[in-house]
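I have placed the structure first, in the form of structure tokens, so that the comments after it can refer back to it.
Here, each number is a calculation from the coordinates, and none is a lab measurement. Quantities reported herein were computed from a predicted structural model and do not represent experimental measurements. Glycine gets a Cβ as well: all are built from the backbone with ideal geometry, and neighbour counts include every protein chain shown.
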Amino acid sequence: MATYTTNQFKGGLKLMLDGDPYSIVENEFVKPGKGQAFNRVKLRNLKTGKVLDRTFKSGESVEAADVLDTELQYLYNDGEFWYFMDPETFDQVAANKAAMGDAGKWIKEQDICNVTLWNGEPLQVDAPAFVELKVTQTDPGVRGDTSSGGSKPATVETGAVVRVPLFIEEGEVLKIDTRSAEYVGRIK
Amino acid sequence: MTDSWRPAATLETLRARAELLASVRAFFRERGLLEVETPTLSAAAVVDPHVESLETAYQGPGGPLCGQLYLQTSPEFPMKRLLAAGAGSIWQIARVFRNGERGARHNPEFTMLEWYRCGWDHRDLMAEVAALVASVIGPRQSRYHTYASLFTPYGIDAHADAAAKLEDAACRIGLVPPAALSRAALLDLLWGHRIAPELGRQGIDFVYDFPVEQAALARVRQGDPPVAERFECYVDGMEIANGFHELVDADEQRRRFLADQATRRSCGQHVPPLDERLLAALRAGLPQCAGVALGLDRLFMVALGARHIDEVLAFPLERV
């Protein structure tokens, strides 16, 4: 069983707690000058997404979570599960809604996604940081209309809605930052 | 790696730091204390179970037979030897080292301001700490709290409650204490997570009269309950200084050191040798005095509005 000591704690490190895999979000070293040292840690449950605070005695060891980050190709979804394939081994896995988070809003078939596997099961799927998607619906922008701050909603081919500048028209392809859900630019 | 040769602090901050250091020196010069320099190296070391020394090896004539030397965690022991030798009130700015301490407010090598006032007690010295702090960060109101009074809102008697009761209190306020913490460690947990972060938010907060288990090198005042004449100073939720009405009883000091060594042995920690030269100095006679150690990097953080200690250090641990 692999373990980590608190000295190895840092953002992103994966641990087992109460039988569930967690990822460290924040790690703070807390020590009164002449007192016990603690690591005060914010952790995200990789199954449920819930964030909790936990305190460890500095120097304590914690079981490592057998978690693997891997690049998989998105195949299709059946409304309940999203299916991914390892392009080299052709192994397939199915990710549920909790694991998908917002990633399902941005991906198209054959996109390569970072999939976090725990005991072979997808825990978390991250869409590529930037995606290129075609606009399927948007109202024509009205010149001089500043009431909406110079932007309007546009629906893209995956069904997601993003705020775009008024000059964007249906059929154009947009570059979108999936982490902030923001329009970055037009693909010409 | 490519950029790690550069300083962590901006040159502007390093210039401001130099000005602050000059103002600290001026403070002590005006008050007429003697500036001293004592060695960073020591053949013995602190035995406090929560303070770890860095070790180093000396090879050559004159050193201890084993060659092992420690880097000081504070200049307290040699400064007390100077006091026992009749130096009068003294101060110094020293580089000190703590093994295993690294975080937003910790670097294993840092700068400590330490001073001693002969004939003073901890109350006199708290007032002077407030003056020094204000001279560096600007005027602020001081407030004084006993250690126990800060636990009262949590329904805790810090001097008497057993570990089980402290654990319950910690759980009630949403902490999950690691298993099998001692009474002292549970107090530290509550202190570090809930109490200390709120201190020094409006002014300078002083905490005094600590539980006797946390007496360290402070004298104990008998009473109900007996308390350690120790204080700490907080600014912006950060511990800035720790001071004592100094214990001058050599036998009592030896008993505490031996108890600390026993704790270290039972926890499988390294057990450094006792500082017999300090104990000999106490036997020869340490004058009645109060002393304080103040973390200058943290005080400069407050003065310069820094949130991370690296912002005020040229080369923190990862860049040495």
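Can you flag which of A:Lys108/A:Lys152; A:Lys31/B:Lys165; A:Lys47/A:Lys175; A:Lys50/A:Lys108; A:Lys14/A:Lys47 are past 20 Å Cα-Cα?
Details: A:Lys108/A:Lys152 23 Å; A:Lys31/B:Lys165 22 Å; A:Lys47/A:Lys175 30 Å; A:Lys50/A:Lys108 27 Å; A:Lys14/A:Lys47 12 Å.
From A:Lys108/A:Lys152; A:Lys31/B:Lys165; A:Lys47/A:Lys175; A:Lys50/A:Lys108; A:Lys14/A:Lys47, over 20 Å: A:Lys108/A:Lys152; A:Lys31/B:Lys165; A:Lys47/A:Lys175; A:Lys50/A:Lys108.
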Quiz item: In nm, to one decimal, how far is the A:Thr136 label point from the B:Arg6 one, both placed 7 Å along Cα→Cβ?
Solution: 4.6
Quiz item: Which one of B:Ser182, B:Cys118, B:Tyr147 is farthest out on the positive end of the charge dipole of the protein assembly as shown, using unit charges on Cβ (Lys, Arg +1; Asp, Glu -1) and the Cα centre as origin?
Solution: B:Cys118
Quiz item: Whole number please: convex hull volume per residue of the Cα set in region B:97-192, in Å³?
Solution: 175
Self-check item: Among B:Gly100, B:Leu299, B:Val51 - extreme Cα towards positive end, dipole of chain B, charges at beta-carbon
Solution: B:Leu299
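Under unit Cβ charges (Lys, Arg +1; Asp, Glu -1), what dipole magnitude, rounded to 20 debye, does region B:253-292 have relative to its Cα centre? If you can, show how the numbers build up before the last one.
Values: 7 positive and 3 negative charges, 25 e Å.
Using only the charged Cβ atoms, the result is roughly 120 debye.
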Quiz item: Taking the convex hull of the alpha carbon atoms in chain A, what volume per residue do you get, in Å³?
Solution: 165
Quiz item: A:Val51: net charge of surrounding residues, Cβ under 10 Å, Lys/Arg +1, Asp/Glu -1, itself excluded?
Solution: +1
Practice problem: Pop a pseudo-label 7 angstrom from the Cα along the beta-carbon direction at both B:Asp236 and B:His270 and give the gap in nm to one decimal. | Solution: 3.3
Exercise. When a/c is below 1.5 the answer is rounded, else prolate if a/b is larger than b/c, else oblate, so apply that to chain B with a ≥ b ≥ c taken from the square roots of the Cα gyration tensor eigenvalues.
Key: rounded
Self-check item: Amide H contacts under 5 Å for B:Ala104, placed H, 5+ residues apart
Solution: A:Phe29
Exercise. For region A:1-141, give the magnitude of the charge dipole about the Cα centre (Cβ charges: +1 Lys/Arg, -1 Asp/Glu; no others), in debye to the nearest 20.
Key: 980
Practice problem: May I ask you to derive the FRET efficiency for B:Leu258 and B:Arg123 from their Cβ-Cβ distance with R0 = 41 Å, giving the value to the nearest 0.05? | Solution: 0.85
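So what's the projected area for region B:210-295, the Cα convex hull averaged over all directions, in nm²?
Values: hull surface 28.5 nm².
Projected area, direction-averaged: 7.1 nm².
Report the semi-axes of the equivalent ellipsoid for region B:168-320 in whole Å, largest first, where each axis is √(5λ) for an eigenvalue λ of the Cα gyration tensor. Intermediate results must be reported in sequence, preceding the final value.
Values: eigenvalues 161, 98, 71 Å².
In descending order, the three semi-axes are 28, 22, 19 Å.
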Quiz item: Hey, in the GNM for chain B with a 10 angstrom Cα cutoff, which one of B:Arg98, B:Arg265, B:Arg17 fluctuates hardest?
Solution: B:Arg265
Exercise. Using amide H atoms built 1.01 Å from N in the peptide plane, name the residues 5+ places from A:Phe130, or on other chains, whose amide H lies under 5 Å from its own.
Key: A:Thr178
Quiz item: Which residue, chosen from B:Ala196, B:Phe28, B:Gln269, occupies the Cα position most advanced towards the positive end of the dipole of chain B, where the dipole is computed from +1 (Lys, Arg) and -1 (Asp, Glu) charges on Cβ about the Cα centre?
Solution: B:Phe28
Practice problem: In whole Hz, with x marking every Gly and Pro, tabulate ³J(HN,Hα) for region B:46-61 from phi via Karplus 6.51 cos²θ - 1.76 cosθ + 1.60, θ = phi - 60°. | Solution: 4, 10, 3, x, 9, 10, 9, 8, 7, 10, 9, 10, 10, 10, x, x
Quiz prompt | For A:33-45, mean number of other protein chain Cβ atoms within 10 Å | solution = 6
Quiz item: Among rounded, prolate and oblate, which fits region B:262-304 when a ≥ b ≥ c are the square roots of the eigenvalues of its C-alpha gyration tensor, a/c under 1.5 means rounded, and a/b larger than b/c means prolate?
Solution: oblate
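Just counting partner chain Cβ atoms within 10 Å, what average do the residues of peptide B:184-193 show around their Cβ? Present the calculation step by step, with values, prior to reporting the outcome.
Working: counts 2, 5, 1, 3, 8, 8, 0, 4, 10, 6.
Mean inter-chain Cβ contacts per residue within 10 Å come to 5.
Between A:Glu109 and A:Asn7, take the C-beta separation as r, use R0 = 51 Å, and let me know the FRET efficiency to the nearest 0.05.
On the way: r = 44 Å, r/R0 = 0.86.
So, using R0 = 51 Å, E works out to roughly 0.70.
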Self-check item: Dipole magnitude of region B:110-253, debye to nearest 20 (Cβ charges: Lys/Arg +1, Asp/Glu -1, about Cα centre)
Solution: 480
Quiz item: What list of ³J(HN,Hα) values in whole Hz, one per residue of region A:159-170 in order, does the Karplus curve 6.51 cos²θ - 1.76 cosθ + 1.60 (θ = phi - 60°) give from phi, with Gly and Pro shown as x?
Solution: x, 6, 10, 10, 7, 10, x, 4, 7, 6, 10, 4
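Could you grab the Rg to Rh ratio for region A:107-188? Cα atoms only, Kirkwood for Rh. Spell out each step's value before the answer.
Numbers: Rg = 15.3 Å, Rh = 14.0 Å.
On the Cα set of region A:107-188, Rg over Rh gives 1.09.
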Practice problem: Would you calculate a helix-derived [θ] at 222 nm for the protein assembly as shown, using -39,500 (n - 2.57) for each DSSP H run of n ≥ 4 and dividing by the full residue count, to the nearest 500? | Solution: -6500 deg cm²/dmol
Quiz item: Which net charge results for the neighbourhood of B:Ser182, defined as the other residues with beta-carbon distances under 11 angstrom from its beta-carbon, given Lys and Arg at +1 and Asp and Glu at -1?
Solution: -1
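For the protein assembly as shown, which semi-axes, largest first and in whole Å, follow from the square roots of 5 times the eigenvalues of its Cα gyration tensor?
On the way: eigenvalues 594, 146, 103 Å².
They are 55, 27, 23 Å, listed largest first.
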